[in-house]
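Reading through the structure tokens given below for one structure.
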Amino acid sequence: MASTPGSQKALLTHSCTAALEMTALLANLKPGDEVIMPSYTFVSTANAFVLRGVTPVFVDIRADTLNLDETKLDGAITARTKAIVPVHYAGVGCEMDTICAIAERNNLLVIEDAAQAVSASYKGKMLGSIGHMAALSFHETKNVICGEGGALLINDASFVERAEIIREKGTNRSKFFRGNVDKYTWVDLGSSFLPGELTAAFLAAQLDASAEILRRRLAIWNSYHVAFEELELRGVCVRPTVPRECLHNAHMYYLLLPTLALRTEFIAKMREKGINCVFHYVPLHSSPAGMKFGRISGSMDVTNDISERLVRLPLWLGLEDQQQRVIDAVRSIL
Ligand SMILES: *Cc1c(COP(=O)(O)O)cnc(C)c1O
């Protein structure tokens, strides 16, 4: 991990949520500051910043990758904006060149929520290694797992020293272990963001197997993609889009159905066949906490539309033996 290509430092945490909370502390964010992010994401993307009194400003997503729409960023930036938080949905990279250029012009930090993006890349760069910092997840629902776990990737070396302190309850214990100081003490804000050793040992084995995990997940993803091409041509569903410059990690396979009613019917019929399909997210801008703590910038049309029509298909290691059953079920229903 410490040698993640492109990163200065990787610090294991007990979750991606914890790593995101660390980024908000590292960025020195204060009440009243604003951070721009998609509304179509998991709650931790926003909650980590709200804990510091920051206002999440939600922008719409692109209709193709379902990632933050970079063309909406300029309109969302105010004098209070401090950072942009791109989320690499389904392990497909955001349009990082444009996002980083806009951030640089406006003197903003780029904090990647790379929770779903382990092993994926954009224009040859690993996701998580492109912004100033990034958060990865090793939660049991992700590709490389340890139950609950995550990592903070630091790509701008100026954040490394303080990150170690924040992770170690605000102490300089890491320096003490390296022999740089003869005792350790409380030097800054911090909390306990570390994973336990048993968790880390489990993760080490998963990381050793990560190339094999990626290969098998991609094979499952590709089988779905080939199988549903004909359904897409007939106009009954839309398959995921992966831009040419992105290598994805097969974190997720989803279909976009024509309407909410058809999705509800689809999920019920799949359940009758014993196949569990789920949808997400309730857009953060329409959630109770999102309305209380955040605000939107511009229209949320794509976000609202996608959240009603997206359905995820089963994708886990070991599915190989039963995948044809899932494919046949989807074909017979659609
Ligand atoms: C899973 C996920 C998280 C949270 O990860 P944890 O490790 O469970 O804290 C944050 N953001 C996104 C986009 C996620 O998918």
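Summary of the geometry: the range 218-252 and the range 118-185, compared by the centres of their Cα atoms, lie 32 Å apart.
With charges set only on the Cβ (+1 for Lys and Arg, -1 for Asp and Glu), what does the dipole of the range 177-325 come to about its Cα centre, in debye to the nearest 20? Intermediate values should be presented prior to the final figure.
Working: 17 positive and 16 negative charges, 50 e Å.
Its charge dipole is roughly 240 debye.
Can you give me the accessible area per residue for the range 178-334, using a 1.4 Å probe, in Å²?
Working: 8910 Å² over 157 residues.
That works out to 57 Å² per residue.
Placing +1 on each Lys and Arg Cβ and -1 on each Asp and Glu Cβ, with no other charges, gives the range 65-155 a dipole about its Cα centre of roughly 160 debye.
Dipole check for the chain: with +1 at the C-beta of Lys and Arg, -1 at the C-beta of Asp and Glu, and the Cα centre as origin, the magnitude is about 380 Debye. Taking only the alpha-carbon positions of the range 9-207 and ignoring solvent, what does the Debye formula give for the base-10 log of I(q)/I(0) at q = 0.08, 0.14, 0.16 Å⁻¹? For the requested q values the scattering log ratios are -0.25, -0.77, -1.00. With 0.36 nm allotted per residue and the present C-alpha distance subtracted, the ARG312-GLU161 stretch has 50.3 nm of extension available.
Between helix 16-26 and the chain there is an angle of about 40 degrees, using the helix long axis and the longest principal axis of the Cα atoms. By DSSP, the beta bridges lying fully in the range 67-172 are antiparallel in about 55 percent of cases. Looking at the chain only, what percent of DSSP beta bridges run antiparallel? Nearest 5 please. Expressed as a percentage, antiparallel bridges in the chain total about 60. For the chain, the residue among GLY294, SER307, PHE177 whose Cα projects farthest onto the positive side of the dipole built from Cβ charges is PHE177. Between helix 210-227 and the chain there is an angle of about 30 degrees, using the helix long axis and the longest principal axis of the Cα atoms. The range 259-334 and the range 39-59 have Cα centres separated by 22 Å.
Derived scalar couplings between HN and Hα for the range 79-89 equal 5, 8, 5, 10, 7, 10, 10, x, 10, 7, 5 Hz in order, rounded to whole Hz, by the Karplus curve 6.51 cos²θ - 1.76 cosθ + 1.60 (θ = phi - 60°), x for Gly and Pro. Which of LYS125/LYS183; LYS142/LYS183; LYS82/LYS123 have a Cα-Cα distance over 29 Å? Flagged as over cut-off: LYS125/LYS183; LYS142/LYS183. Taking amide hydrogens as placed 1.01 Å from N in the peptide plane, the amide H of THR171 sits under 5 Å from those of VAL187, each at least 5 positions away in sequence or on another chain.
Rg/Rh for the range 130-179: what does it come to with C-alpha atoms and Rh from Kirkwood?
Details: Rg = 13.2 Å, Rh = 12.4 Å.
Ratio of gyration radius to Kirkwood radius for the range 130-179: 1.06.
Simple rule: put +1 on each Lys or Arg Cβ and -1 on each Asp or Glu Cβ in the range 9-207, find the dipole, and look at ALA76, ALA19, ALA103; the Cα lying farthest toward the positive end is ALA19.
In the range 9-207, the DSSP beta bridges split such that about 50 percent are antiparallel, to the nearest 5. Shape analysis of the chain yields a ratio of the Cα radius of gyration to the Kirkwood radius, Rg/Rh, of 0.98.
For the range 210-333, what does the relative contact order come out to in percent, with C-alpha contacts under 8 Å and a separation of six or more? Working shown, then result.
Numbers: 121 pairs, mean separation 41.5, N = 124.
Here the relative contact order equals 33 percent.
Here the relative contact order of the range 1-144, from alpha carbon pairs under 8 Å that lie six or more residues apart, stands at 23 percent. Among the protein heavy atoms of the range 9-207, carbon and sulfur supply 53% of the accessible surface, probe 1.4 Å, non-protein parts ignored.
Dimensions of the range 210-333 based on its C-alpha atoms, expressed as ranges along the principal axes with the largest first, amount to 46, 35, 26 Å. To the nearest ten degrees, helix 197-208 and the longest principal axis of the Cα atoms of the chain are 50 degrees apart. Pairs of alpha-carbon atoms within less than 8 angstrom and 6+ residues apart define the contacts here; what relative contact order does the chain have, in percent? Relative contact order for the chain comes out at 21 percent.
The values are calculated or read from the model by the stated rules, or taken from the named source; none is laboratory data. Worth saying up front: this structure is predicted, and the values here are computed from it rather than measured. Positions of Cβ are backbone-derived with ideal geometry, glycine not excepted, and every protein chain shown enters the neighbour counts. We work out accessible area using only protein heavy atoms, side chains counted, and drop any ligands, DNA or RNA first. Shrake-Rupley method; radii C 1.70, N 1.55, O 1.52, S 1.80 Å.
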